Structures are given as C-alpha cells and as structure tokens.
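Student: Just dropping this structure here.
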Amino acid sequence: EQAGKGEFDHFMLKEIHEQPTALTQALEGRIDPEHGRIALADFEPGTFTDIESVQLIACGTSYHAALYGSLVLNQAGVHATALLANEYSVSSPPIDDDTLVIAVTQSGETADTLNALRQANAEGATTVTVTNVVGSTAAREADEALFIRAGPEIGVAATKTFSSQAVMLTLLGQRIAADLRGEPPADLETLLAELAAMPDAIAGLLEDSDADAIADRYANSQSYFFIGRGLGFSVALEGALKFKEITYEHAEGFASGELKHGPLALVTPETPVFAVFTGEEDEKTLKNAEEAQTRGAPVIAVCPAGHRAVDVADDHLEIPEMEADLAGLLANVQLQLVSYYAAELLGRPIDKPRNLAKSVTVE
Ligand code: AGP
C-alpha cells in the first residue's frame with residue numbers, strides 16, 4: 001500500500017496533488033482553445049437540441065459537483081436543478097422526454113444514485129452519467145456516459161474526482177447551452193483559456209499553500225463554518241463535508257447570506273469561519289464574514305492576493321485570479337488541504353475514516 005502512495009503519507013494527499021494531471025486528462029481532446037471551441041466529441045452534434053430542462057442527481061461530494069454544474073447551466077441560460085439522489089423518489093420534479101437527467105457519481109455504483117437514474121430512465125428522460133469508472137453500473141445504464149478520466153481514487157474522501165466532475169460539468173453545461181441556442185457561449189474564449197490554465201494554476205497553488213499553517217492555528221476549535229455565494233456556496237458545502245469526514249470535528253457549510261438567518265447564533269471565538277470569495281457579489285460575502293468576526297469568530301478568507309478580504313480577514317489562503325466559473329475550484333483545493341492537515345494534526349486515519357465506505361452500495 002505504501003508503494004502506491006509514492007512520496008506521500010496518505011492517498012488523500014497524493015490525490016490532491018494529482019489534480020493537475022487529472023484535469024489535464026479530463027480536458028484532453030475536449031477543448032480546443034486555439035480554434036475557440038469545445039470539442040466534446042463524446043456526444044453527437046445536436047444531442048441536446050430538444051432538451052428543455054436538466055436535473056442533476058448525486059450524493060455527497062458528487063452532489064456538490066452537481067450543484068456547481070447546475071449553476072453553470074443556469075448562468076448559461078438553461079433550466080437546471082441539482083437534486084439529492086436519495087430524495088429523488090419522494091421529491092423529483094416532473095420528468096418528460098424533453099428532460100435530461102445527469103447522474104454524477106465518481107464510482108458509478110452508489111445505490112441511491114443508481115435508483116434515481118433508474119427512475120429517470122423509467123419515466124422517459126434522456127440520461128447521461130458523469131463518472132470516473134468505465135464499465136460501472138451507471139455507465140452501463142445511462143443512455144450516455146461522460147468519463148472524467150481522473151484515475152483511481154483510493155482515499156474515501158473524494159478530492160480529485162470533485163474537481164474533474166465540476167470541470168466536466170462546466171464543459172457539458174456550455175455544450176448543452178450551445179446546442180440549445182445554436183451558437184457558442186459569448187465568453188467561450190475566456191473560459192477555454194482559463195480551463196487550459198487550470199492544471200498549472202492548481203500546481204502553483206499546491207506548491208505555495210499555507211493550508212498547513214492555517215490548520216495548525218485553528219485545529220483546536222469547537223466548530224468550523226464555511227461560507228460562500230453562488231458557485232462558492234457549493235464549495236463551502238464541500239469544504240465542510242471534507243472537514244467533518246476526515247477530522248471528525250463539527251463543520252457546516254452555509255450560503256453566506258444565510259448566516260444571519262440562524263447560524264450566527266452559533267458563532268463564537270471558537271468557531272473559525274472560512275469565507276470563499278469567487279467574484280460573485282464578494283462585497284456581500286465580506287459583509288457576512290464581518291458579521292461573524294464582530295461576534296469574535298476568526299475569519300479565514302480564501303481569495304486572490306490583493307482582494308479586499310485579505311485586509312479584513314484574520315488570515316487568508318491565496319488562490320490565483322480566475323473567472324467566477326473556476327475560482328471556486330481553486331478555493332476548494334485550499335480547503336481540501338486544510339482538512340487534510342487538520343486531520344493529520346488530530347491523528348485521524350485519513351484515508352479510511354470510521355463508519356464510511358468509498359462506495360455506498362446500500363440504500
Ligand atoms: C466524499 O468525500 C464521500 N466519500 C461521499 O460523499 C461520496 O462523494 C458519495 O458517497 C458519492 O459517491 P459517488 O460519487 O461514488 O457516487
């Protein structure tokens with residue numbers, strides 16, 4: 001097992017560091033920045049021309065990627081909703097043959113997601129799975145499969161697969177929007193250039209990250225809160241899930257604006273707040289973070305250098321400048337590292353947290 005970890009102490013840390021390679025593999029042949037187009041040959045031209053609404057179904061970290069994808073679709077003008085697969089049988093919106101259902105699942109074997117996929121198939125939706133595993137049940141049962149090509153992920157905590165799922169959903173979302181409109185998205189060139197720059201941006205971030213020092217500073221707190229807005233909200237949820245999963249400490253993610261609607265009552269000097277800034281109404285998120293800070297909570301801003309939040313926050317974790325569509329993924333890598341180093345300080349069995357399985361094949 002140690003051989004498989006290479007120079008790293010845990011698979012999780014290795015897989016965090018594999019993200020530049022995973023994204024390069026995911027994007028290989030699928031973007032064409034030189035000619036300014038998405039070359040997603042996984043689907044026939046016009047596959048999505050008749051789609052009227054999109055439902056993304058998933059669990060856990062894959063649900064956070066689905067939430068991310070649903071926002072990318074909404075921002076591109078497509079009706080899309082992310083739904084928890086385990087709630088789907090009791091709360092799915094209406095399905096007809098103009099509905100596209102996207103099952104997002106790293107393993108392709110999660111029972112809750114497969115059940116929801118089967119329901120969507122039975123009700124006549126067009127189905128696609130975004131998965132890491134060729135030959136998985138989801139890949140066999142969905143009408144189409146889009147493989148994220150992240151390589152094997154051994155750590156129970158999903159890391160590289162989240163980034164790859166979110167990037168593939170961004171591409172797929174733009175492709176769906178283009179099929180519906182009959183023309184490419186307006187700001188496609190910027191997106192393609194930034195997608196192509198993502199592997200290097202993550203590699204640079206991994207080299208310079210201060211996440212270990214931040215983990216050290218706050219590892220003995222009572223609870224950990226994560227806030228963000230828009231795409232940053234899905235990252236806040238993912239940051240909190242990762243943190244609780246491997247540190248066994250209490251962590252919650254909130255939409256920044258929700259803090260004042262209840263969670264603020266929990267805020268004390270013992271509850272650090274990680275605030276994710278993705279360029280989506282950052283001023284509002286900063287105000288929400290300051291409300292927590294006024295009640296004594298240390299605020300750790302995850303944002304680019306020179307951002308106004310750096311002066312206001314108690315600490316910060318730096319991310320390279322990127323458009324809102326991708327900035328959240330960079331912030332997420334910093335939060336993965338914070339969780340990892342906090343769990344290491346606390347002596348947790350990082351790759352195999354108690355009570356959890358890599359793939360949950362029961363309902
Ligand atoms: C994330 O760190 C967890 N291991 C878990 O939430 C996981 O994402 C979820 O069980 C879904 O798994 P899947 O992507 O294989 O469907």
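Bear in mind these aren't lab numbers, they're just calculated from the coordinates by the rules spelled out. All figures in this text were calculated on a predicted structure; none of them were measured in a lab. Heads up, the Cβs are rebuilt from the backbone with ideal geometry, glycines too, and the neighbour counts pull from every protein chain shown.
Student: List nothing, just return the count: lysine pairs in the chain, 8 or more apart or interchain, with Cα separation under 24 Å.
Tutor: For the chain, the number of qualifying lysine pairs is 23.
Student: Let me ask something else about it. Order these by the 10 Å Cβ neighbour count, fewest first: Val312, Val90, Val167, Val104.
Tutor: Ordered from fewest to most neighbouring Cβ atoms within 10 Å, Val312, Val90, Val167, Val104 come out as Val90, Val312, Val167, Val104.
Student: Angle, helix 60-75 long axis vs. longest principal axis of the chain, Cα atoms, 0 to 90°, nearest 10?
Tutor: 70
Student: What three numbers, in Å, describe the spread of the alpha carbons of the chain along their principal axes, ordered from the longest?
Tutor: Here the spans come out as 53, 44, 41 Å, largest first.
Student: With no solvent and one equal point scatterer per Cα, compute the Debye intensity ratio I(q)/I(0) for segment 260-301 at 0.35 Å⁻¹ and report its log10, rounded to two decimals.
Tutor: Calculated log10 I(q)/I(0) at the listed q: -1.24.
Student: How large is Rg/Rh for segment 1-101, to two decimals, with Cα atoms and a Kirkwood Rh?
Tutor: 1.08
Student: For segment 32-67, list residues with backbone N below 11 Å from a point placed 7 Å from the Cα of Asp98 toward its Cβ?
Tutor: Flagged as within label range: 50-53.
Student: Residues of segment 151-180 with the amide nitrogen closer than 18 Å to a label point 7 Å from the Cα of Ala357, along Cα-to-Cβ, please.
Tutor: 153-158
Student: Against the globular-protein guess of 2.2 N^0.38 Å, express the Cα radius of gyration of segment 58-118 as a ratio, rounded to two decimals. Don't jump to the answer; show the numbers that get you there.
Tutor: Values: Rg = 11.3 Å, N = 61, 2.2 N^0.38 = 10.5 Å.
Taking N as the residue count of segment 58-118, the ratio is 1.07.
Student: Sticking with this structure for a sec: Under 14 Å from the Cβ of Ala251, count the other residues' Cβ atoms, weight Lys and Arg +1, Asp and Glu -1, and hand me the total.
Tutor: -2
Student: Hey, in the GNM for the chain with a 10 angstrom Cα cutoff, which one of Thr99, Thr137, Thr21 fluctuates hardest?
Tutor: Comparing Thr99, Thr137, Thr21 in the GNM, the peak value goes to Thr137.
Student: Another question, then. What net charge do the residues around Ala138 carry, taking every other residue with its C-beta under 14 Å from that of Ala138, with Lys and Arg at +1 and Asp and Glu at -1?
Tutor: -3
Student: On to the next question. Between Arg118 and Glu183, what FRET efficiency follows from the Cβ-Cβ distance if R0 is 41 Å, with the result rounded to 0.05? Don't skip to the answer; put the middle values down first.
Tutor: On the way: r = 35 Å, r/R0 = 0.86.
It comes out at approximately 0.70.
Student: So if R0 is 35 Å, what FRET efficiency would Gln222 and Ile154 give, r being the distance between their Cβ atoms, rounded to the nearest 0.05? Walk me through the numbers on the way to the answer.
Tutor: On the way: r = 31 Å, r/R0 = 0.90.
Efficiency, rounded to the nearest 0.05: 0.65.
Student: In addition: Radius of gyration and Dmax for segment 216-363's Cα atoms, expressed in Å?
Tutor: 14.8, 48
Student: Please compute the length gained on full extension between Ala39 and Ala111, using 0.36 nm multiplied by the number of residues separating them and subtracting their Cα-Cα distance. Write down the numbers at each step before the final one.
Tutor: On the way: separation 72, 0.36 × 72 = 25.92 nm, distance 3.19 nm.
The span from Ala39 to Ala111 would gain 22.7 nm if fully extended.
Student: Taking the chain as a Gaussian network, where each spring joins two C-alpha atoms under 10 Å apart, which residue of Ala193, Ala22, Ala138 fluctuates the most?
Tutor: Among Ala193, Ala22, Ala138, the largest GNM mean-square fluctuation belongs to Ala193.
Student: Angle, helix 188-208 long axis vs. longest principal axis of the chain, Cα atoms, 0 to 90°, nearest 10?
Tutor: 40
Student: Still on this structure, please answer the following. Taking the Cα atoms only, what angle lies between the long axis of helix 111-122 and the longest principal axis of the chain, rounded to 10 degrees?
Tutor: So the inclination is approximately 30 degrees.
Student: When each pair of different Cα atoms in segment 154-253 is counted once in the 1/r mean, what is the Kirkwood radius in angstroms, to one decimal?
Tutor: After inverting the pairwise mean of 1/r, the radius is 16.1 Å.
Student: In the neighborhood of Ala331, defined by Cβ-to-Cβ distances under 11 Å, what is the net charge if each Lys or Arg adds +1 and each Asp or Glu adds -1?
Tutor: Working: positive: none; negative: Glu238, Glu318.
Around Ala331, the charge tally is -2.
Student: Sequence gap at least 6, Cα distance under 8 Å: using those rules, report the relative contact order of segment 1-125 to the nearest whole percent.
Tutor: On the way: 144 pairs, mean separation 27.4, N = 125.
This gives 22 percent for segment 1-125.
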